[in-house]
Amino acid sequence: MEKQSATEAILAAKEEKGLTFAQIAEAVGRHPVWTTSALLGQQQMSEKEAAAVAAVLDLPDEVAAQLQRFPTKGSLPETVPTDPLIYRFHEIVQVYGTTLKALIHEEFGDGIMSAIDFEMDIERVPDPKGDRVKVTLNGKFLPYRKW
């Protein structure tokens, strides 16, 4: 079974069972953001985690096996995304990327924020003008080294 077929089977079973990503994450014992990323093919699950997904979604062993394979990171094409939600994140980086870089360098020095030693959280913030989306990106600072 190919990764895309496994992802399609996972999403179909999730919808059929009426489960949320958070509910599946609870069954797996991981954070909803990480679990969702794994279900969409961007993270590698352990045998135990993949078995939990297969059990909660009533999926065959080949889907669980695919969840345990090394992923190829990066799920978007190289062109500018057209999905409005994904495009907004692209736009944020286009507009604020250099600002983020300047402020991180000013605060921490010359380096990067890790996407490997990394956590992300998404939450709803009630607001009288319309609920807001709060995205927290939390990555370890990795300084460039001289050699």
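Only the coordinates and a few stated rules stand behind these numbers; no lab work does. It should be emphasised that the depicted structure is a prediction, and the values quoted were computed from it without experimental measurement. Glycine also receives a Cβ, built like all others from the backbone with ideal geometry; neighbour counts cover every protein chain displayed.
Compute the relative contact order of the chain as a whole-number percentage, counting only Cα pairs closer than 8 Å that sit 6 or more residues apart in sequence. Could the numbers behind the result be given before it?
Details: 153 pairs, mean separation 25.1, N = 147.
Contact order relative to length: 17 percent.
When the chain is treated as a Gaussian network with alpha carbon springs shorter than 10 Å, the biggest mean-square fluctuation among A64, A102, A27 belongs to A102. A protection proxy built from the mean count of other Cβ atoms within 10 Å ranks the segments 33-42, 52-61, most packed first, as 33-42, 52-61.
Using only the Cα atoms, work out Rg/Rh for the chain, with Rh taken as the Kirkwood radius, to two decimals. Let's see the in-between values first.
Details: Rg = 18.0 Å, Rh = 17.6 Å.
Here the Rg-to-Rh quotient is 1.02.
When the Cα positions of L103, Q66, F118 are compared along the charge dipole of the chain, L103 comes out farthest toward the positive end, with charges on each C-beta of Lys, Arg, Asp and Glu.
Rounded to the nearest 20 debye, the dipole magnitude of the chain is 420 debye, with +1 charges on Lys and Arg beta carbons, -1 on Asp and Glu beta carbons, and the Cα centre as origin. Arranged from fewest to most other beta-carbon atoms within 10 Å of their beta carbon, V93, V28 become V93, V28.
Tell me the volume per residue, in Å³, of the convex hull enclosing the alpha carbons of the range 3-67. Please report the intermediate quantities before stating the final value.
Numbers: hull volume 4.2 nm³, N = 65.
Looking at the range 3-67, the number lands at 64 Å³ per residue.
Among all helices in the chain defined by DSSP H, which have a length of 20 Å or more along the axis from Cα atoms plus a Kyte-Doolittle mean of at least -0.5? Working shown, then result.
Numbers: long enough: 3-17 (21 Å, -0.78); 84-108 (32 Å, 0.24).
Helices meeting the criterion: 84-108.
The residues packed around V135, meaning those with a beta-carbon under 12 Å from its beta-carbon, carry a net charge of +1 if Lys and Arg are +1 and Asp and Glu are -1.
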